[in-house]
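Structure record follows, encoded as structure tokens.
Just so it is clear, none of the values below were taken in a lab; they were calculated from the coordinates. In this text, all values refer to a predicted model and were calculated from it rather than measured experimentally. Note that each Cβ is placed from the backbone with ideal geometry, even for glycine, and that neighbours are counted across all protein chains shown.
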Amino acid sequence: MSCSKDAGSRCGGSITAPPRSPCEPPPAARGSYRRRHILIPTLVIFLLAAAAVGYWYFEILGVIATDDAYVDGNSVSVSSKILGRITELTVDEGDTVQQGQLIVQLDDHDLRAQETHAQAGLDYARENVDLAAVQLQQAEDDYRRATIQLQGKVITQEQFDHAKTALNRAQVLGRIAAAQVNTARAELGLIRSQLENTRIVAPLTGVVARRWVLAGDVVQAGQAMLSIYDLRNLWVTANLEETKIAAIRVHDSVDITLDAHPGRRFAGEITMIGAAAASEFSLIPPNNASGNFTKVTQRIPIRISLGTGEGDPLLVPGMSAEIRVRRPR
């Protein structure tokens, strides 16, 4: 007599569990798997939180950063002091110039003719001085003889007065001749100064960043012809919010990165904190006395030195930069 599965207990038999699949883990392994399934995500979350806290502590806490910064340097716009036509342009964009080097020559033919004319006028004035000196000597001799003759009743008082007047006239003519010499000398000096202005030299050692004219152009007084930058002395100008200025000091260390060279860091140092907000130097400074005043956070410029030595080819004025000032916690 066989027992069914439902009546196995009544028949005194036992129910045999179905066979386990070969791929199914044992119960102990299933518990370990569940623990790993919970532990690994928890550990990952903990590590991510620790990394975020570490980044905040080391990279954000006590760090003042801004991307409102750029490489800056000394520059000069070379212009003419006189009206003239360019006869020679000795440099072009990208050329290195030395201080005192001739870079532009203006036409000087008219001024050379004026110099010759002024020199002749000076020579003529000097001859007049010699002539006036001779006339003065003659007038002095006549006056001395007239004085003796008047005492001896040889000439009349009228003749003596004429001799005295001639002496006075000779003295005045001598002073006029001397003044004419000074005037002619001044005119000659002015023309020679104008001749010097036709020779335009580099005011500093640097690189020609922009050429605005060509040989043959007629330039006005004050018209820009060349822009020269001194690449040996560059710095970073950054504009920080006024709410952050109180936390920085001169000589603070600064980490600098350039958009043009993101893989390189430059070490800098704050050398100057601006004495006025950047808005004060705008074309139309803000006037906060009006009734519709809207408060805007102002930015204060700071200057940061670059310890890169002279003539770093990676740096040119105008490059965008990012700075990070780390303050002690």
message = With a cut-off of 8 Å between alpha carbons and a minimum separation of six or more residues, what is the relative contact order of segment 110-197 in percent?
response = 51 percent
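Calculated FRET efficiency, Gln101 and Asp255, Cβ-Cβ r, R0 45 Å, to nearest 0.05?
E(calc), rounded to 0.05, equals 0.75.
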ask   = Using modelled amide H (1.01 Å from N, peptide plane; none on Pro or chain starts), what sits under 5 Å from the amide H of Gln101, excluding residues fewer than 5 places away?
value = Ala202
inquiry  = Could you work out how much longer the chain between Ala246 and Asn74 gets when fully extended? Use 0.36 nm per residue separation minus the Cα distance between them, nm to one decimal.
reply    = 59.1 nm
request  = Give the cross-link partners of Lys81 among the aspartates and glutamates, using a straight C-alpha distance below 20 Å as the criterion and excluding same-chain residues fewer than 8 apart.
outcome  = Asp107, Asp108, Asp110, Glu115, Glu187, Glu196, Asp217
message = To make sure I understand the rule: partners must be aspartates and glutamates, Cα under 19 Å from the Cα of Lys295, and not fewer than 8 residues away in the same chain. Which ones qualify?
response = Glu241, Glu242, Glu280
message = If R₀ is 45 angstrom, what is the calculated FRET efficiency for the pair Val63 and Val213, using the beta carbon separation as r and rounding to 0.05?
response = 0.45
query = What's the extension gain from Asn233 to Leu150 if we count 0.36 nm per residue and subtract their Cα-Cα distance?
reply = 21.6 nm
ask   = To the nearest 0.05, what FRET efficiency results for Thr271 and Asn197 with a Förster distance of 30 Å applied to their C-beta separation?
value = 0.25
query = What trypsin sites (Lys or Arg not before Pro) does segment 232-277 have in DSSP loop regions with at most 12 other beta carbons within 10 Å?
reply = Arg249
ask   = In nanometres, what is the gap between the two model label sites at Gln223 and Ile45, each 7 Å from Cα along Cα-to-Cβ?
value = 7.4 nm
Evaluated at q = 0.12, 0.13, 0.19 Å⁻¹: base-10 log I(q)/I(0), Debye formula over Cα of segment 219-329 = -0.57, -0.65, -1.05
request  = Give the shape of segment 110-197 as rounded, prolate or oblate, defined through the alpha-carbon gyration tensor: a ≥ b ≥ c are the square roots of its eigenvalues, a/c under 1.5 means rounded, and otherwise the shape is prolate if a/b is larger than b/c and oblate if not.
outcome  = prolate
ask   = Under 15 Å Cα-Cα from Lys244, which aspartates and glutamates qualify once same-chain neighbours fewer than 8 residues away are excluded?
value = Asp67, Asp68, Asp252
